[in-house]
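Working notes for the structure below.
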Amino acid sequence: MASGSASEFDSALGGTNEFPWTNDDSNSLETTDIELLKKAWRNEKASPEILHFQSDLVQRAREQIQLLEGTMDEFEDNNTDDLLVSIYQMDLDRALFLVRSYLRIRIFKIEKFIAHISRSHLWNRLSDQERNFAKRCIDIMEKHLQQCVLSRLPNGYQSFFKQSVSSVEDDMIPEPQLDTFVFCKSKGAVGAFQLDDIGDEIVDLVADDLYVLRYKSIKALVESGQVDLV
């Protein structure tokens with residue numbers, strides 16, 4: 001193992017004894033970028049529909065990844081202590097996994113519900129790159145279906161979105177199942193919360209308690225950040 005010391009360790013960390021990913025405005029673990037990224041990843045993974053793209057957070061994560069990669073290169077050139085290198089490598093691997101997995105989950109949802117997303121308010125939740133990807137996918141799908149299937153059907157059945165011209169709604173488009181049950185945890189005391197439109201189902205949401213509820217019932221709380229999916 002290469003030689004190292006406490007001073008070398010502190011120097012490599014910028015003299016702060018802290019690793020990257022920490023916001024300067026708070027010492028709370030919940031406000032570090034890595035914790036925010038983990039929360040965004042969990043919410044996206046558990047939600048049946050695509051959520052708002054965390055553009056600022058992802059951009060900061062990419063910058064931190066570049067910083068960590070540069071630091072690793074410096075460690076290699078300077079023959080830095082192996083323990084310090086392994087700690088930074090774990091931090092880098094964790095960051096890469098979270099960013100890649102977060103983006104892959106979103107791409108999967110876009111591919112699965114592309115027609116629904118493109119014709120609803122969910123379109124505004126995509127990043128510019130995701131919109132470009134979705135547009136290309138839609139164009140390819142429509143062209144392929146038109147050439148292989150729709151052009152061979154009677155005129156009243158050639159819609160990409162409807163079973164026939166008599167259909168009132170777009171009944172050929174798969175949509176996210178918002179009735180799906182999800183595990184969730186309230187960040188604060190929400191109090192009595194109505195789960196249905198009638199008011200027959202009411203639950204008292206207590207901070208840090210775990211609940212299993214229909215996603216559509218807590219959808220607004222997830223979007224506002226009051227409730228996290230787990």
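FYI, it's all coordinate maths here, none of it is from the lab. Since we're looking at a predicted model, the values are computed, not measured. For neighbour counting, all protein chains shown are included, and Cβ atoms are generated from backbone atoms with ideal geometry for every residue, glycine included.
Projected area of region 99-151, taken from the Cα convex hull and averaged over every viewing direction, in nm²? Dividing the Cα hull surface by four gives the mean projection, 3.9 nm².
Cβ crowding within 10 Å ranks 227, 168 as 168, 227, fewest other Cβ atoms first. Between the Cα long axis of helix 82-112 and the first principal axis of the chain there is an angle of about 10°, rounded to the nearest 10. Over region 177-230, the Kirkwood radius and the radius of gyration, each from Cα atoms, give a ratio Rg/Rh of 0.92. Rounded to the nearest 10 degrees, the angle from helix 215-224 to the longest Cα principal axis of the chain is 50 degrees. Out of all Cα-Cα pairs in region 117-218, roughly what percent, to the nearest whole number, are more than 17 Å apart? Here the tail beyond 17 Å accounts for 69 percent of pairs. Using the alpha-carbon atoms, what tilt in degrees (0 to 90, nearest 10) does helix 55-78 show relative to the longest principal axis of the chain? Tilt of helix 55-78: around 30 degrees. The residue list 148, 97, 224 was ranked by how far each Cα lies along the charge dipole of the chain toward its positive end, using unit charges on Cβ atoms, and 148 comes out on top.
Using P(r) over Cα pairs in 5 Å bins from 0, in percent as the read-out, say which of (1) 1, 7, 15, 20, 20, 17, 10, 6, 3, 1, 0; (2) 1, 6, 11, 12, 13, 12, 11, 10, 8, 6, 4, 3, 2, 1, 0, 0; (3) 1, 6, 13, 16, 17, 15, 12, 10, 7, 3, 1, 0 was calculated from these coordinates. Label of the calculated value: (2).
Using only side-chain charges placed at the Cβ, +1 for Lys and Arg and -1 for Asp and Glu, the dipole size of region 178-230 relative to its Cα centre rounds to 220 debye. Each Lys or Arg adds one and each Asp or Glu takes one away; over the other residues whose Cβ falls under 9 Å from the Cβ of residue 180, this sums to +1. A Stokes-Einstein calculation at 25 °C with viscosity 0.890 mPa s, built on the Kirkwood radius of region 59-177 over Cα pairs, returns a diffusion coefficient of 137 µm²/s.
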